[in-house]
Amino acid sequence: MTTMEPCHRNYEEALEALNECILANGHCVREARPARSLEYLSALGISETQLKKLNVIHVAGSKGKGSTCAVTENVLRHLGFKTGFLR
């Protein structure tokens, strides 16, 4: 039977170790994301040149996207712009 050796880390060291794992993985994900996105766009028949001509507002985050998009859409429509916001 294998026994686990006790861990003598304090709370701050444990948090630091966990954050290092998150940051390291995030770096890998960020590197892969653009290439994968270009593959998907290519499969849809959309070139990078066409994509760069689009006027896009990208809203990200864990909270407030709906209200942020609603306010932005309202302002843009009031100014005469067309939007792709789903109501």
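Where a number appears in this text, it was derived from the coordinates with a stated rule and is not lab data. As the structure is a computational prediction, the values presented were derived from the model and not from experiment. When we count neighbours, we look across all protein chains shown, and the Cβ atoms used for this are built from the backbone with ideal geometry, even at glycine.
Spin-label pair residue 36-residue 10: with each label point 7 Å from Cα along the Cα-Cβ axis, the two points sit 3.8 nm from one another.
The lysines within cross-link reach of residue 65, meaning a Cα-to-Cα straight distance under 21 Å and a gap of 8 or more places when in the same chain, are 82.
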